[in-house]
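The values are calculated or read from the model by the stated rules, or taken from the named source; none is laboratory data. These figures come from a predicted structure and were not determined experimentally. Glycine gets a Cβ as well: all are built from the backbone with ideal geometry, and neighbour counts include every protein chain shown.
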Amino acid sequence: MDADVIVVGAGPTGLMLAGELRLGGAEVIVLDKLPEPTGQSRGLGFTARAMEVFDQRGLLPRFGQGETLEVSPVGHFGGVQFDFTALQGAHFGARGIPQSQTEAVLAAWATDLGAEIRRGYEVLAVADGFLDGDHVEVTVGTADGVRQLRAPYLVGCDGGKSTVRKLVGIDFPGTEATRAMFLADVTGLDLKPRYLGETLPNGMVMAAPLGEGVHRIIVCPHGAAARSADDTVTFEEVAKAWEHITGEDISGGGAEWVSFFSDATRQAAQYRRGRVLLAGDAAHIHLPAGGQGLSTGVQDAANLGWKLAAVVTSRADEALLDTYHAERHPVGRRLLMNTRAQGMVFLGGDQAEPLRRIITELTGHDTVRRHLAGIVSHLDIRYDGIDGSEPGDGGSTHPLLGRRLGKTPLTGPDTETDTFALLHAGHAVLLDLVGDPGLREAAAPWAGRVDVVTVTARTADRGAVFAGAQAVLVRPDGHVAWTGAGAVDGLATALARWFGEPAGH
């Protein structure tokens, strides 16, 4: 075998997955058909939850802005602005971070951990046998000719036009594009910021300064017909559409690059088919709205990476991989729902004005603001059945189960730490909040897979953050898999479910 896992696509999702796999001890090769990164940046930030995922791995300082990136407490849903701090700890996410920078940070992290990135490798074929064989064979074209690579698993992180998805026959149902929208990085212009977009009679525009005289603009003219994937767009066309909407003439400027996108919405019917899995845009495409695409891909990788690493290193059974689709497919479905809804509000023109007014009224209520903030920030994600229960059978009663554990300061015997710092190594963590020796004894057979940490939290934190739990089992992706209150009932079952059979079993 050339590696334990072959990842196709060196975008944020593929690079995040590569780092996660290496933390789990898997050998990984990342293939990308481009000989070098383009330097272009469709995305300019990420959601609050994606920011937390990076923080869980200690990556925020690598972005060059210290531990705190620029975040905005004010966000929007379909262009209707409101304060995200209605949800505790929420914000609209980090902004002003070009996707090229995110990719550079993740590439350096993954290679530091030992991942190999091979650029100029284009996937041409996937051999039969990925459904019932013991490995996947991939034919790739390189500058030196065609060759074959083999690995137990293959993951397609190769975007909305995913070659991997097509080659292995995974359906991609959804809705066709109905309109075209433009984006460009323009120069030589003095544009007023329109960070959250401005809806005008002839369309919607956004503008944000990127520094060094460059502005990112997005132009969504009403009535612009959908385009085929092979079409091109010119700066002259973008400038004409901008003037049609705003009345401003930007034709005297220039553009570093221009592109277009659409409102096509699709989701892979399966996130796993045999030994092939999908993540990121290869699994779901949608109207861009608040950096949710990049962020969902990063979270896909955080969910899949530790599971796949555990399987290929024989620490867990292959059935663990089925939880990837079970957990992430509903998240993708909800993502498509919220971006389609936002598109109707944002881009619906005069016909959508009554809907915009209703949503504006509704955001005057705390409950609505919390709900919408949770959807767009991705902080509301809960994996049902994380404790092994079936929907409706009375399981998952503790409010933390299935949810991400927020960043909380903790005090240990010899150190001050927090819930995210404990996840930097990519291990599961069992938080003993009361000094119970029985917890350490119960988890001992999973040593090396689960770190047991005795810490204390402020009483208020234990009530507000831990909901009264005296012990919390946190998966490597930051989601809670078990809670206890004075007993270890169910702990061994949860450990075996997520981290394999105990040593010596």
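Side notes on the structure shown:
- The set of residues in region 125-142 being more than 21 Å from Ala309 (Cα to Cα) and modelled with pLDDT of 95 or more consists of Ala125, Val126, Ala127, Thr139, Val140, Gly141, Thr142.
- Selection status of Asp171, surrounded by fewer than 22 Cβ atoms within 10 Å (Cβ to Cβ) and either over 24 Å from the mean Cα position of the chain (by Cα) or over 30 Å from Trp306 (Cβ atoms) (or both): no
- Number of positions in region 447-461 that are farther than 15 Å from Val472 by Cα and either modelled with pLDDT of 90 or more or aliphatic (A, V, I, L, M) (or both): 4
- Residues in region 442-460 that are closer than 15 Å to Gly24 by Cα and outside any strand (DSSP E or B): 4 in all.
- Checking Gly223 against (1) modelled with pLDDT under 95; (2) under 24 Å from Tyr195 (Cβ atoms), the condition it does not meet: (2)
- Residue count, region 404-421 (criterion: surrounded by fewer than 20 Cβ atoms within 10 Å (Cβ to Cβ) and either modelled with pLDDT of 95 or more or of a type in the set (Phe, Trp, Tyr) (or both)): 1
- Out of Arg216, Arg227, sole residue that is within 30 Å of the chain's Cα centre (by Cα), in a loop (DSSP other than H, G, I, E, B) and surrounded by 16 or more Cβ atoms within 10 Å (Cβ to Cβ): Arg227
- Arg49 being over 16 Å from the mean Cα position of the chain (by Cα) and touching a residue at least 60 places away in the same chain (Cβ under 8 Å): no
- Residue that is assigned to a loop (DSSP other than H, G, I, E, B) and within 19 Å of the chain's Cα centre (by Cα), where the choices are Ala10, Ala110, Ala104, Ala18: Ala10
- Residue list for region 345-359, filter: crowded, with 16+ Cβ neighbours inside 10 Å and not charged (D, E, K, R): Val345, Phe346, Leu347, Gly348, Ala352, Ile359
- The listed residues are Ala268, Ala264, and the only one of them that is at pLDDT below 95, in contact with a strand residue (DSSP E or B) (Cβ under 9 Å, 6 or more places away or on another chain) and not aromatic (Phe, Trp, Tyr) turns out to be Ala264.
- Residues that are assigned to a helix (DSSP H, G or I), at pLDDT 95 or above and either more than 19 Å from the chain's Cα centre (by Cα) or more than 23 Å from Glu256 (Cα to Cα) (or both) do occur in region 56-68, at least one of them.
- Residues satisfying the stated conditions in region 254-269, i.e. in a loop (DSSP other than H, G, I, E, B) and crowded, with 19+ Cβ neighbours inside 10 Å: Asp263, Ala268
- Residues that are part of a helix (DSSP H, G or I) and not acidic (Asp, Glu) within region 230-253 comprise Phe235, Val238, Ala239, Lys240, Ala241, Trp242, His244, Ile245, Thr246, listed in sequence order.
- When region 118-146 is filtered for residues that are over 18 Å from Gly169 (Cβ atoms) and not in a loop (DSSP other than H, G, I, E, B), the ones remaining, listed by number, are Arg118, Arg119, Glu122, Val140, Gly141, Thr142, Gly145, Val146.
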